[in-house]
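Worksheet: the structure to be examined is printed underneath.
The values are calculated or read from the model by the stated rules, or taken from the named source; none is laboratory data. The shown structure was predicted, so the numbers you read here are calculated from the model rather than taken from an experiment. Note that each Cβ is placed from the backbone with ideal geometry, even for glycine, and that neighbours are counted across all protein chains shown. Note: areas computed on protein heavy atoms with side chains; ligands, DNA, RNA excluded. Shrake-Rupley method; radii C 1.70, N 1.55, O 1.52, S 1.80 Å.
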Amino acid sequence: MSDELTPENPETPETESEEPIKQRKNGLYPGVSDELAESMKSGWADTELRDLQPVEQAGHTARRRAELSARFPGERLVIPAGNLKTRSNDTDYPFRASVEYVYLTGNQTEDGVLVLEPKDDGHVATVYLLPRSDRENGEFWLSGQGELWVGRRHSLTESEALYGIPAADVRELADKLREATGPVRVVRGYDAGIQAALTDKVTAERDEELRVFLSEARLVKDDWEIGELQKAVDSTVRGFEDVVKVLDKAEATSERYIEGTFFLRARVEGNDIGYGSICAAGPHACTLHWVRNDGPVRSGDLLLLDAGVETHSLYTADVTRTLPISGTYSEIQKKIYDAVYDAQEAGIAAVQPGAKYRDFHDAAQRVLAERLVEWGLVEGPVERVLELGLQRRWTLHGTGHMLGLDVHDCAAARTETYVEGVLEAGMVLTVEPGLYFQADDLTVPEEYRGIGVRIEDDILVTADGNRNLSAGLPRRSDEVESWMASLKG
């Protein structure tokens with residue numbers, strides 16, 4: 001990675017009105033000559049992009065902004081994308097814009113801010129962005145975030161065409177917000193500079209109402225969002241197939257071979273993985289969020305693979321399969337796997353419009369509690385087990401969650417509209433029961449210890465029931481074995 005001119009602070013050629021060039025410590029060039037600075041200003045072709053078409057979701061984002069406007073009439077609404085975050089020294093983490101900002105604009109660039117200014121009975125929307133790198137002051141080649149270092153940004157005119165929203169220079173926004181009058185709300189936690197500019201104009205309670213509204217607005221997906229989620233799932237299915245084909249290589253190395261294999265599919269077909277892949281072999285499957293992925297992969301053990309591709313529009317899949325590394329489940333593995341499968345079947349069947357959100361969880365937990373009692377691992381009756389939550393020693397987590405732009409989508413929604421709410425057509429949620437017998441659990445027979453099983457699918461609530469978006473991956477134990485055999489063969 002070249003380090004010649006990526007300063008901690010952007011460099012600019014020295015002029016009467018600007019600070020002297022701030023050099024990187026230990027950089028190899030002492031400065032920029034007047035002749036070089038002048039040379040870099042000219043001789044560049046016009047690269048403005050014309051005749052751009054709006055992004056696919058432009059119509060949907062316009063509708064969403066209109067719904068937001070109707071909810072908060074007469075108030076200025078500020079929704080930031082967020083800023084780059086330092087990974088170490090002068091390297092940054094890959095940027096991912098806030099879901100609220102993406103949901104309302106379709107734009108994904110750092111430092112962007114959507115502002116809805118009240119006007120008459122509605123609002124006027126403006127998206128504030130960084131314009132093209134400045135060639136006159138040398139930013140495009142001297143700044144660590146300049147065009148020649150990290151790539152070209154869209155011009156403000158190009159952005160207007162793409163997103164269907166008037167665009168302005170975000171560097172002027174903080175001053176405008178400081179001078180703003182009237183009620184203001186901001187989505188907190190993404191842009192400290194914007195929040196500081198509004199510090200005397202907002203309250204935590206009012207800002208939380210804005211965040212909650214935007215979270216609940218995402219509970220029901222439109223047709224475009226459902227299409228994006230299906231794309232994410234389809235790529236995820238192919239990623240799981242990729243993993244099965246290289247299990248022999250993973251056995252020769254570690255869980256990281258599985259992680260890297262799935263990541264390749266995610267980067268080739270999507271934007272990224274939607275969350276840290278869980279590639280848990282053997283007893284690691286009993287650790288719910290095992291993302292170290294540095295353990296051995298052994299024939300005879302199970303592999304719990306929980307992974308999802310994130311599309312270029314940032315919608316993510318979330319799918320889990322528990323696979324026999326050898327290709328065949330042992331008797332005890334199959335016994336536990338089939339119990340989880342039956343629980344998932346009961347959970348999926350309970351996903352219906354008009355049903356309580358909790359119903360699918362309760363249905364799956366009942367099946368697991370019945371099996372635990374049947375196996376003699378916990379004393380019945382089943383109603384007692386469920387009332388006291390005794391099955392949770394081995395089931396541990398809830399049976400699912402909403403899915404969308406976040407893997408755990410709509411997390412800020414009110415409890416009464418989410419967990420205590422009612423399912424509607426267009427909602428997408430996971431159904432993912434599991435059984436986990438820790439390697440050091442002395443309350444279960446030795447043959448159970450170190451076995452963890454989870455099966456997870458992405459389920460769309462439809463007008464007359466549900467549709468399994470991830471049905472492309474087999475779930476029943478015999479079908480999993482046949483599928484693996486066909487891929488390995």
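A few points about this structure:
- Binning the C-alpha pair distances of region 29-74 at 5 Å intervals from 0 yields a P(r) profile of 5, 14, 11, 9, 9, 8, 7, 8, 10, 12, 8, 1 %, listed from the shortest bin outward.
- For region 93-188, the equivalent ellipsoid built from the Cα gyration tensor has semi-axes of 26, 15, 13 Å, listed from largest to smallest.
- Over region 280-351, the hull volume per residue, using the convex hull of the C-alpha atoms, is 120 Å³.
- Leu302 contributes about 10 Å² of solvent-accessible surface, heavy atoms of the protein only, 1.4 Å probe.
- Based on DSSP H segments of at least four residues, each scored -39500 (n - 2.57), the chain has a per-residue ellipticity at 222 nm of -10500 deg cm²/dmol.
- Taking only Cα atoms of the chain, radius of gyration then Dmax in Å: 26.3, 87
- Debye-sum result for region 125-278 in log10 I(q)/I(0), which assumes one identical scatterer on each alpha carbon, at q = 0.09, 0.18, 0.20 Å⁻¹: -0.54, -1.16, -1.19
- Value in Å of the Kirkwood radius, where region 208-306 supplies the Cα pairs that are averaged: 15.1
- For region 305-403, average projected area of the Cα convex hull in nm²: 8.2
- Rounded to two decimals, the Cα radius of gyration of region 385-441 over 2.2 N^0.38 Å is 1.39.
- Diffusion coefficient, µm² s⁻¹, Stokes-Einstein with Kirkwood Rh over alpha-carbon pairs of region 221-275 at 25 °C and 0.890 mPa s: 205
- Relative frequency of Cα-Cα separations exceeding 18 Å in region 143-200, percent: 55
- Accessible-area composition of the chain, carbon plus sulfur, in percent [1.4 Å probe]: 49
- Ranked by solvent-accessible area (1.4 Å probe, protein heavy atoms only, all chains present), the residues His361, His312 order from largest to smallest as His312, His361.
- Quick note on region 327-457: its Rg to Rh ratio, both from C-alpha atoms and Rh being the Kirkwood radius, is 1.00.
- Heavy-atom accessible area order for Asp134, Asp223, largest first, 1.4 Å probe: Asp223, Asp134
- Principal semi-axes in Å for region 416-489 [√(5λ), Cα gyration tensor, largest first]: 31, 23, 7
- Taking every alpha-carbon pair in region 21-163 and binning the separations at 10 Å intervals from zero gives 10, 31, 29, 19, 8, 2 percent.
- The charge dipole of the chain, taken about its Cα centre with unit charges on the Cβ of Lys, Arg, Asp and Glu (plus for the first two, minus for the last two), comes to roughly 900 debye.
- Rg over Rh for region 333-384 works out to 1.04, both radii taken from alpha-carbon positions and Rh defined as the Kirkwood radius.
- Computed from the Cα positions only, the extents of region 177-251 along the three principal axes stand at 63, 31, 19 Å, in decreasing order.
- Annotation: lysines with alpha-carbon distance below 20 angstrom to Lys201 (same-chain offsets under eight excluded): Lys119, Lys176.
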